[in-house]
1. Could you identify the single residue in ALA153, ALA141 that is open to solvent by less than 10 Å² (accessible area, probe 1.4 Å), among the hydrophobic types (A, V, I, L, M, F, W, C) and either modelled with pLDDT under 95 or in contact with a Lys or Arg (Cβ under 6 Å, 6 or more places away or on another chain) (or both)?
2. With respect to LEU167, determine if the residue is closer than 24 Å to PRO138 by Cα, over 19 Å from the mean Cα position of the chain (by Cα), modelled with pLDDT of 95 or more and open to solvent by less than 30 Å² (accessible area, probe 1.4 Å).
3. LEU147 fails exactly one of the following numbered conditions: (1) under 18 Å from GLN108 (Cα atoms); (2) part of a loop (DSSP other than H, G, I, E, B). What is the number of that condition?
4. For residues that are within 17 Å of the chain's Cα centre (by Cα) and polar (S, T, N, Q), scanning just segment 364-385, find the one that is nearest to PHE217 (Cα to Cα).
5. For segment 580-590, give me the residue count where each residue is at pLDDT 90 or above and either open to solvent by less than 40 Å² (accessible area, probe 1.4 Å) or more than 16 Å from VAL522 (Cβ to Cβ) (or both).
6. Please find, within segment 350-365, the residue that is modelled with the lowest pLDDT out of those that are touching a Pro at 6+ places or on another chain (Cβ under 6 Å) and open to solvent by less than 40 Å² (accessible area, probe 1.4 Å).
7. From the set of residues in segment 533-578 that are without any contact (Cβ under 8 Å) to a residue 24 or more places away in the chain and part of a loop (DSSP other than H, G, I, E, B), which is nearest to VAL493 (Cα to Cα)?
8. I'd like to check something: does segment 450-459 contain any residue that is open to solvent by 10 Å² or more (accessible area, probe 1.4 Å) and of a type in the set (Val, Ile, Thr)?
Amino acid sequence: MAGAAAEQRRLTAVVECWLGRPVLVVGDAMLDEWRFAESDRLCREAPAPILTLRRRISAAGGAANTAVNIAALGGRAALVAPIGADVAGDELHDCLDRADVWDRTVSQPGRPTPVKRRMLAGSQILLREDSGGPEDPPDDAGVARLLTALACATAELHAAGGTAPTLVVCDYALGALSAPVRAWLVANRERYATVALDAHDLAEWRGLAPTVVTPSFAEASRLLARTVARPSDNHAPGQGAGRDLPLDSPDDAQSDGPSELSVGVAPGDGRGSHPDAHRPTTPAHPEPTAPTHPESTTPPRPELATAAGRPAATDQPYPAEDQVTGGGTDPADAGLATTDGCAGLGPSVDATGSGMDRAVLAESRLAELRQHTGADVVAVTLDTDGAVVAGPDGEPSRSHSNPVPASHTVGAGDAYLAAMTLALAADAPLPIAAQLAQLAATITVSDTGTCVCRREDLLTALDRPADGGWPTLVDADELATIAVAHRRAGRSVVFTNGCFDVLHPGHVRYLEQARALGDLLVVAVNADGSVRRLKGADRPVNPVEDRVALLAALTHVDHVVVFEEDSPARLIEAVRPDVYVKGGDYPPELVPEAPLVRRLGGQVRTLGYVPDRSTSAIIDRIRAHGATAPVAGQA
């Protein structure tokens, strides 16, 4: 538990370090409008509910909400974006003022402020009306004012902070970031210490060399599909393609709305499901089917199905959000689901995309995504499946999310982006930055509305004891509750099991390595009867009470649980570990529990034993010594 406390101190130190850090946000700003109504009857003209409006709220959305989250987390945020000279624009200015964001937006007369208006009955979103979009791009004079605002805001932040500011680009293809603006940002890249990019069309930004990109699974698929479709002259199709992607995308590239990182849906456990797979009025079911979604007229694409065949995203702020562009694109064409890319990594993928494990597929292509985007860090967000992240060392890390209603998740991706950017700008190690980003997104989804993570809420979450007050020795029911609580706090769970009959240095080294693979290490120990069935009638040497007491005393062990069965399968199903670790020199595919772990969304790792350090060898030496030792009273 001392390790968990030290980790909390490191996380808190990063949050303190980013206080006041200057950040320039540029991109597509919009207004989120929420209308809460009641309905108790249907109209006579049509089978439609009659709604009585009870409450209306508005909030910053898109790039504006990213700036609000940066300010709420303690950064010094400035926003440069085109905003219409209209009522919605006035409301957006008020939202920025209340959040202490430096409002450096540019008024664009004749161009409406993009607005997303949601109508809800209870927590159910009944419909959404969108206005303003790519059909209303800024004119030449507006672009010139944007470029002036960018230069002035950059200099202003540099002077205020005494250091090069951080840049966050939010490109949702609504027209704010035209080719001249993109070209200016690329040409002035050296003026920013850290650059974060959230763009639906990553190919347009290849020259920016961002520090971090945060694509959704579909956006990553779209980029890889383009590199396969447009290979460079020096490479065969699909091999090394797309190294020098142009600044401008093809004319037929579809535009999307802003990503909304969905942290989960209720009811159900949310692992591996999609926010559109449940609505608040839908009965709990572990394998839901796709409902009719009130916000979309586009059916879900089969190639974006999850491992269990669940439906892909259909929540579309603007056309084609979270879908691979181009008609008829299948998983193999998208690059994330090729047969070679899946070999040995997870479930097989057929032409419809069923059986896909998105996390495994994303992890297998992170290096290519880094290459094609020019980014140091790639974080692929997987809505209810959390995120997978990798940096220059290529070592991926995984985070998980929690089930909440879909109406709670709007803007959670902005909180994720804001915390990830601030942490990297504060020179935090990537695992720390990824954990803070997931935690920021997770704690914002407690209610309906646009998500904003406040610094004090993040610090409060970090101040909670990592073990939630639970003891180290727990039973199976307690362990399942503990795993859910830790995952809700953005921590990953590592699980291993064994007899641990005679604890020795090999065990200690093995458990230390296992703990390094995640945030929480659970050790499941075979009961005495189970050990006798597995090892023979003369085992165990030490009773289970002694074995678990020694394991619980180790620094790297967070929780110990005893199981009576010969297999830990029941515990694995209850805990749903992010990483399952087994000792041995064989590949993970030969681990008997591997299919179960992968079906539950986890990964399997094997760690080699320390040479000449095994329980059997120690017992054999003790027995050999006893057989040769002289008997008392004999010569």
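The values are calculated or read from the model by the stated rules, or taken from the named source; none is laboratory data. None of these values were measured; they are calculated from a predicted model. Ideal geometry is used to build each Cβ from the backbone, glycine not excepted, and the neighbour counts take in all protein chains shown. Side chains included, ligands, DNA and RNA excluded: accessible areas come from the protein's heavy atoms. Shrake-Rupley method; radii C 1.70, N 1.55, O 1.52, S 1.80 Å.
1. Result: ALA153 is the single residue among ALA153, ALA141 that is open to solvent by less than 10 Å² (accessible area, probe 1.4 Å), among the hydrophobic types (A, V, I, L, M, F, W, C) and either modelled with pLDDT under 95 or in contact with a Lys or Arg (Cβ under 6 Å, 6 or more places away or on another chain) (or both).
2. Judged against the criteria, LEU167 is a match.
3. Result: LEU147 passes all but (2).
4. Here the answer is THR381.
5. Counting residues in segment 580-590 that are at pLDDT 90 or above and either open to solvent by less than 40 Å² (accessible area, probe 1.4 Å) or more than 16 Å from VAL522 (Cβ to Cβ) (or both) gives 2.
6. GLY353
7. ALA553
8. The answer is yes, given that some residue of segment 450-459 is open to solvent by 10 Å² or more (accessible area, probe 1.4 Å) and of a type in the set (Val, Ile, Thr).
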